[in-house]
Amino acid sequence: MKQNWLLLLNRWLPRRLVTRLTLGMIFIVVGAGLVTTLAINQILAYNLRQELSNSGRAITTSLGENLANALLEGSLASIQDTLDNAVRANNDVVYAFAYGPHTPVVHTFQDGFPLDLLRLTGQSPALDETLILTEQGLLHDFSYRPLDGIPAEVHLGFSEKRILAEQSKVTGIVLGLTALGCLLATVMAYAVSRVATSPLVELTRRVHRMDEGRLDERLSLPLGDEVGELAAAFNAMADRIQAAIERLTRSEMGYRILLEAAGEVGEGIALLSDSPGEEGKLLFVNDTFARLTGFAPADLLGMNVSSLLAPDSVQTAAQVWAAIRSGAARSGLTELTLATRHGEHLTVESAATRIEYREQPALVWFVRDISERKQRERELRLRNRELAALNAVAFAMSEPYSPDMFQRGLREALQALGLEIGWVFLLNTNGASEVVAAEGAEFRSLPPRFPACECGKILSTGEAALVAVGEDCLLRRLRASSTQGWRHATVPLGRAGSALGALSVAIPPGHAFEQENLRLLASIGQQMGVALENARLWEELRQKEQLRAELLARALQAQEGERKRIARELHDATGQSLNAILFGLKAVESAAQNDPSQISNLLTRLKASVSDTVRELQEIIYALRPSVLDDLGLIPALRWYAETFLEAEGTRVEWQISNGERRLPPEIETALFRIGQEAITNIRKYASARRVLISLAVNERSARLQVVDDGVGFDVEEALAHTRRDGRGLGLLGMRERAELLGGWLRVESSPGGGTRVTVELSLDEERSHEKDSHSAGR
């Protein structure tokens with residue numbers, strides 16, 4: 001309690017010692033003056049009251065003796081005069097009254113006798129003094145009985161005004177002397193304190209200079225007093241401080257060089273206090289450490305390191321540092337998570353050791369940012385996982401196209417994702433879906449609603465979707481009683497807009513399905529889509545190769561048949577005509593020898609036979625390749641062929657020509673003519689058409705030929721399917737092969753009873769580039 005009182009007093013007193021000494025001297029003088037004034041007042045008041053009491057007793061006794069006879073005789077006038085004279089003769093007397101056995105109360109009051117004073121009468125002893133409090137202040141009432149045994153009394157009232165006036169006068173004199181003493185004491189105290197504190201002021205100045213870094217400051221004061229001993233202690237302390245600071249400077253310089261050098265190679269370093277009560281307080285950080293945390297170095301000093309660690313790393317760091325305190329030389333490499341100023345988390349590799357820093361225990365904490373390395377490792381693990389899964393799926397689906405390949409691929413996908421339930425949809429040509437593979441449940445017996453369900457949107461967006469189980473979901477229909485919390489992820493098989501189906505996996509409640517899993521599933525779906533597309537392409541290629549072989553065989557058969565036909569026609573027609581010409585020449589030879597008059601007739605007949613033979617040869621050659629195609633171009637050749645085989649049989653042919661007058665490259669004209677020739681031949685043989693529209697449109701990039709009839713039509717797919725069995729449809733395949741060999745395309749559209757439309761388009765860009773190159777080479 002005493003110490004608290006002293007601390008409070010020290011807080012309210014001025015800081016300067018000179019001021020304190022001066023104020024102390026003033027307080028002493030003022031206190032002494034007040035005590036003296038109080039003592040003098042009390043002594044003076046006591047003496048004056050004693051004098052008043054003695055004087056009052058004497059005056060009252062004398063007055064009583066003078067009035068004894070008058071009181072006894074009842075002489076009121078004499079009593080009144082005597083009382084009035086007593087009041088006028090003494091300034092201290094305020095009132096006087098008396099009464100006797102034969103008189104009423106005689107008094108000097110102007111306003112009547114106060115009845116309260118009657119209580120003072122009839123009191124004993126014969127001479128008495130009583131203090132009464134009135135409106136005029138404190139009064140001394142003196143009473144006297146001049147006649148023993150007779151009721152007669154004399155009362156005088158004395159006032160203390162003179163006593164109070166004397167007290168005020170003496171108090172003013174003492175206070176004036178006290179003020180003068182305070183002034184003299186202040187001057188003397190200030191002078192003495194200045195002289196007494198001048199060594200302390202010099203010591204303070206030297207201490208401030210030491211605080212500014214001037215460690216060579218010393219004091220030269222004579223010994224023998226307290227100030228001299230303080231100066232000696234200061235000099236000794238300064239020597240020790242200078243030596244300690246020099247050691248610390250050298251040590252700290254070494255630490256800083258080490259820390260800055262470590263920072264240049266990417267090491268963040270911090271010094272942590274290990275003193276009791278300040279554990280974890282940051283004493284120093286280098287720029288690299290500050291940059292990692294996002295703070296300025298100055299902001300980190302004094303901060304506790306626990307505020308820079310993620311909650312899951314605080315306990316780990318505490319355990320590592322506790323092991324160092326227990327005697328371990330240093331910690332091993334430990335991975336911790338730093339929480340930066342901006343709320344980001346960095347993974348750091350850290351190590352620590354214990355040192356002495358500024359004569360206090362401290363921990364050196366080394367940290368290195370490995371977030372990028374951890375991210376690369378994580379990405380590498382994910383990539384390896386993805387590659388392993390894709391490799392397994394690719395291997396599972398590497399066999400020829402079959403429904404089992406999807407079952408194997410789905411099983412590998414579920415194993416890579418750690419799931420149990422999944423299914424695969426495939427889209428038919430008409431847009432309907434079919435479950436071709438299922439794992440973990442039986443879906444094939446349920447009619448699928450895909451792509452009418454929510455996840456069917458992936459076919460147009462091409463992006464993986466993670467959706468909850470909906471009303472149209474196949475999973476809900478299978479697990480109608482336990483769909484709470486279930487989800488499923490669906491990815492397209494193939495690219496957006498050309499997806500061939502979808503791959504779905506079911507995610508049970510509470511199972512974490514991260515974005516990486518969705519990306520992996522999308523990659524697997526893309527891989528399965530590529531495998532499906534490749535399998536279909538290989539199947540189509542196999543069928544095309546088979547058809548190509550059949551087409552080649554039929555072409556060879558047709559070529560051999562054409563050769564037989566040409567040989568037969570040459571033998572039956574041209575051969576016979578040549579034999580007739582030979583016989584005619586022999587007849588001319590015989591006529592020349594026997595009957596020259598027959599030569600003219602024979603030559604005429606021989607010329608007719610030669611003309612018939614030449615016409616037959618021209619018909620055979622025109623059937624193989626009409627010369628009008630080479631001489632006049634594509635449109636005249638098609639007109640000739642249509643007029644010969646369609647209009648001659650009553651079929652009306654209409655033409656729509658756009659820029660068809662220009663000549664096209666020979667192979668383009670030949671291909672278009674052969675395709676048109678095959679289309680016209682099919683119309684003549686099968687269509688029973690009444691009207692045929694042939695259109696040709698040529699621009700800078702392509703040439704398009706279209707042949708449309710209103711005949712009976714046919715089923716294109718069925719006709720192509722017959723190709724493998726009985727050879728029907730080979731004409732269509734031949735037309736398509738011609739178009740594709742020149743980088744074009746051919747489309748046949750028909751339906752039973754709806755006529756037929758054959759459209760072929762060939763590109764002219766490549767041919768134009770060939771022509772340009774040939775012209776450039778010619779120049």
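Odds and ends about this structure:
- Looking across region 96-130, the residues that are acidic (D, E) and assigned to a strand (DSSP E or B) come down to D128, E129.
- For region 370-387, taking the residues that are modelled with pLDDT of 70 or more and of a type in the set (A, V, I, L, M, F, W, C), the one that is most open to solvent (accessible area, probe 1.4 Å) is identified as L380.
- Looking only at region 268-283, and only at residues there that are touching a residue at least 40 places away in the same chain (Cβ under 8 Å) and not in a loop (DSSP other than H, G, I, E, B), the one that is most open to solvent (accessible area, probe 1.4 Å): L283
- Checked against (1) surrounded by 14 or more Cβ atoms within 10 Å (Cβ to Cβ); (2) modelled with pLDDT of 70 or more; (3) of a type in the set (A, V, I, L, M), I566 passes all but condition (2).
- The residue that is nearest to the chain's Cα centre (by Cα), among those in region 62-82 that are in contact (Cβ under 8 Å) with a residue 60 or more places away in the chain and surrounded by fewer than 17 Cβ atoms within 10 Å (Cβ to Cβ), is E65.
- Residue within region 331-339 that is closer than 16 Å to V364 by Cβ, buried (at least 16 other Cβ atoms within 10 Å of the Cβ) and at pLDDT 85 or above present: yes
- Being modelled with pLDDT of 85 or more and touching a Gly at 6+ places or on another chain (Cβ under 8 Å) is a property that holds for A689.
- Just so you know, in region 131-165 the residues that are under 13 Å from A98 (Cα atoms) and of a type in the set (D, E, K, R) include one that is most open to solvent (accessible area, probe 1.4 Å), and it is R145.
- Residues in region 658-668 that are open to solvent by 60 Å² or more (accessible area, probe 1.4 Å) and either assigned to a helix (DSSP H, G or I) or not small (G, A, S) (or both): N659, E661, R662, R663, P666, E667.
- In region 22-31, the condition of being modelled with pLDDT of 80 or more and of a type outside the set (V, I, T) is met by at least one residue.
- Unmet requirement for E356, which otherwise passes all of (1) surrounded by fewer than 16 Cβ atoms within 10 Å (Cβ to Cβ); (2) under 15 Å from S275 (Cα atoms); (3) modelled with pLDDT of 85 or more: (3)
- Check on F450, modelled with pLDDT under 75 and among the aromatic types (F, W, Y): yes
- Residue match in region 131-141 (condition: among the hydroxyl-bearing types (S, T, Y), at pLDDT 85 or above and assigned to a strand (DSSP E or B)): no
- Test: residue in region 737-745 that is assigned to a helix (DSSP H, G or I), under 25 Å from E661 (Cβ atoms) and either basic (K, R) or modelled with pLDDT of 75 or more (or both): yes
The values are calculated or read from the model by the stated rules, or taken from the named source; none is laboratory data. All figures in this text were calculated on a predicted structure; none of them were measured in a lab. Methodologically, a virtual Cβ is constructed for each residue, glycine included, from the backbone with ideal geometry; neighbour enumeration extends over all protein chains shown. All accessible areas refer to the heavy atoms of the entire protein, side chains included, with ligands and DNA or RNA removed. Shrake-Rupley method; radii C 1.70, N 1.55, O 1.52, S 1.80 Å.
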